[in-house]
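*Asks:* To start, I am sharing the structure in question, which I have written as C-alpha cells.
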Amino acid sequence: QVQLVESGGGLVQAGGSLRLSCAASGRTFSNSGVGWFRQAPGKERQFVASISWSDDSTYYADSVKGRFTISRDNAKNTVYLQMNSLKPEDTAVYYCAARHTSVIVDPGMADYWGQGTQVTVSS
C-alpha cells in the first residue's frame, strides 16, 4: 500500500511559480511510475506530467511543456512538479498518482492517488 501526500499549492499571480511535492509512504517510489494530474471545476481530471521509474524519462501535456518540470528524489521518496510561468488556466486541484512498474499518463492507470492540493493563479 502507498500513501501519497501532496503539498506546495497556493495562490500565485500569473507569471509566477510554484513547486508541488508528492511524498510517498508505505512503499518507495523506486519501482513506480509517478504522475501529476489536475482537475478544474466542472472538468475531467487531466494528465499534466509523469516520470518513469526505470530511466527517469519524463512526459508532459502539451499545455505545460516548457513551463513545468517533473523530477524525483528516490532518497526522499518524493516527486516534484516545478511550475513556472503560471497562467490562470492552470488553476485546478493538482493530484499526484502512482502506478506499479509503469509510466502513468492517464487517470485510469493509477494504482494510488493523493488527496490533492489547490493551485490558484490570478490574472
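The values are calculated or read from the model by the stated rules, or taken from the named source; none is laboratory data. None of these values were measured; they are calculated from a predicted model. As a convention, Cβ positions derive from the backbone with ideal geometry for all residues, glycine included, and neighbour counts pool all protein chains shown. To get the accessible areas, we keep the full protein, side chains included, count just its heavy atoms, and leave off ligands, DNA and RNA. Shrake-Rupley method; radii C 1.70, N 1.55, O 1.52, S 1.80 Å.
*Asks:* Would you mind stating whether Val119 is closer than 20 Å to Ser7 by Cα, assigned to a strand (DSSP E or B), hydrophobic (A, V, I, L, M, F, W, C) and modelled with pLDDT of 95 or more?
*Replies:* Answer is yes for this residue.
*Asks:* Taking Arg99 as the residue in question, decide whether it is in contact with a Gly (Cβ under 8 Å, 6 or more places away or on another chain), more than 16 Å from Gly8 (Cβ to Cβ) and of a type in the set (D, E, K, R).
*Replies:* Yes: the conditions hold for Arg99.
*Asks:* Would region 2-18 turn up any residue that is in contact (Cβ under 8 Å) with a residue 24 or more places away in the chain, surrounded by fewer than 22 Cβ atoms within 10 Å (Cβ to Cβ) and within 10 Å of the chain's Cα centre (by Cα)?
*Replies:* No, there is no match, as no residue in region 2-18 is in contact (Cβ under 8 Å) with a residue 24 or more places away in the chain, surrounded by fewer than 22 Cβ atoms within 10 Å (Cβ to Cβ) and within 10 Å of the chain's Cα centre (by Cα).
*Asks:* Turning to a different aspect of this structure: Can you list residue pairs whose Cβ atoms sit under 6 Å apart, with the first residue in region 30-55 being part of a helix (DSSP H, G or I) and the second being modelled with pLDDT under 95 and not aromatic (Phe, Trp, Tyr)? Count only pairs 6 or more apart in sequence or on different chains.
*Replies:* Ser30/Asn74; Asn31/Thr101
*Asks:* Name the residues in region 108-123 that are over 17 Å from Gln46 (Cβ atoms), open to solvent by less than 60 Å² (accessible area, probe 1.4 Å) and under 13 Å from the mean Cα position of the chain (by Cα), would you?
*Replies:* Tyr112, the sole residue that qualifies.
*Asks:* Kindly check whether there is at least one residue in region 72-81 that is closer than 11 Å to Arg38 by Cβ and buried (at least 19 other Cβ atoms within 10 Å of the Cβ).
*Replies:* So far as region 72-81 goes, yes, one or more of its residues are closer than 11 Å to Arg38 by Cβ and buried (at least 19 other Cβ atoms within 10 Å of the Cβ).
*Asks:* Name the pairs: first residue in region 85-107 and farther than 17 Å from Arg45 by Cα, second residue in a helix (DSSP H, G or I) and of a type outside the set (A, V, I, L, M), Cβ to Cβ under 6 Å, at least 6 apart or on different chains?
*Replies:* Matching pairs, first to second residue: Thr101/Asn31.
*Asks:* Mind listing just one residue for me: the one in region 52-70 that is among the hydroxyl-bearing types (Ser, Thr, Tyr) and modelled with pLDDT under 95 and, of those, least open to solvent (accessible area, probe 1.4 Å)?
*Replies:* Once the filter is applied, the top-ranked residue is Ser52.
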